[in-house]
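A.B. asks: To start, I am sharing the structure in question, which I have written as structure tokens.
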Amino acid sequence: SLAGKDAVDEQNGVLARMKAWRERTKGEIAGKLGGMAAGLFDRAASETDSTLDAWATGKVHAEKINYGNATSKANISLAQDQAVADAANPAAFGAQMGVVKAELKNIARRSGYDAAWVQAGLQDVQQKTLTQAISDRIAGEDLRTANNMIKAYGPLLGGNADALRARANAKGRELEARARIDAARAETEALKGKVDAFNSNTAGMSDAEKLD
């Protein structure tokens, strides 16, 4: 069955194929009838045409909505991906959210949703996008940017703000512990190097000579 863009195509969509099938079928049957039978068939065919027209028109309308909404959702997804990358720049992030809001309005217009639905959808997208963007910065150990974003976008993060702060703090402690371990390892390696150098330079000497 036809769906989406194919269903609404003027040349080969539902309405065009339905019309072609009806004309072909009516011609084949009418050619075999005559007199009163032909008149009765023509009247019945006209009633059937009305029913099929209503169904086909409804089908095309529904598919236009589905196709349009699918396109809008794809555009929203692309804008979200770009917004994750741009989130450290409020202006660039805002531009992508503008795209999201416009597409949500398009969906609302096609589907009969109100402004409250658009606003709720936008807030949901903003929260999910920013949470992902900040989580990526934390995972990438860019804590300065992550903490700046949490501070800048706090109200848009909703209940996720505290969890992100906790994750950033935990990552900070992890990095500090790792730095201490690395410093201790470096100190140990340096000391070992000095001992090895001393042993190499004093190889074959007596203890007294080594002390000199």
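A.B. asks: Let's test the formula: R0 of 41 Å, r as the Cβ-Cβ distance of Ser111 and Ile181. What FRET efficiency results, to the nearest 0.05?
C.D. replies: About 0.15, to the nearest 0.05.
A.B. asks: May I ask you to order 167-173, 95-101 by the average number of other C-beta atoms within 10 Å around their residues, highest value first?
C.D. replies: The densest-packed peptide leads the list: 95-101, 167-173.
A.B. asks: A further question on this structure: Please give the length that would be gained between Asp136 and Leu156 if that part of the chain were fully extended, namely 0.36 nm times their separation in residues minus their C-alpha to C-alpha distance (nm, one decimal).
C.D. replies: My answer for the length gained is 5.5 nm.
A.B. asks: Then there's this: So, for region 71-113, what is the accessible surface per residue at a probe of 1.4 Å, expressed in square angstrom?
C.D. replies: Per-residue value: 52 Å².
A.B. asks: From zero up to wherever the largest Cα-Cα distance of region 112-188 sits, split into 5 Å bins and tell me the percent of pairs in each.
C.D. replies: Each 5 Å bin holds this share of Cα pairs: 3, 15, 21, 17, 12, 10, 8, 6, 4, 2, 1, 1, 1, 0.
A.B. asks: With a sphere of radius 14 Å drawn around the Cβ of Ile150, what net charge do the other residues whose Cβ falls strictly inside it have (Lys, Arg +1; Asp, Glu -1)?
C.D. replies: +3
A.B. asks: Another question, if that's okay. Is there a pair in Lys101/Lys151; Lys64/Lys128; Lys73/Lys128 whose C-alpha atoms are over 20 Å apart, and which pairs would that be?
C.D. replies: From Lys101/Lys151; Lys64/Lys128; Lys73/Lys128, over 20 Å: Lys101/Lys151; Lys64/Lys128.
The values are calculated or read from the model by the stated rules, or taken from the named source; none is laboratory data. These numbers were taken from a predicted model, which means no experiment stands behind them. For neighbour counting, all protein chains shown are included, and Cβ atoms are generated from backbone atoms with ideal geometry for every residue, glycine included. Keep in mind that these areas ignore ligands, DNA and RNA; they rest on the heavy atoms of the full protein, side chains included. Shrake-Rupley method; radii C 1.70, N 1.55, O 1.52, S 1.80 Å.
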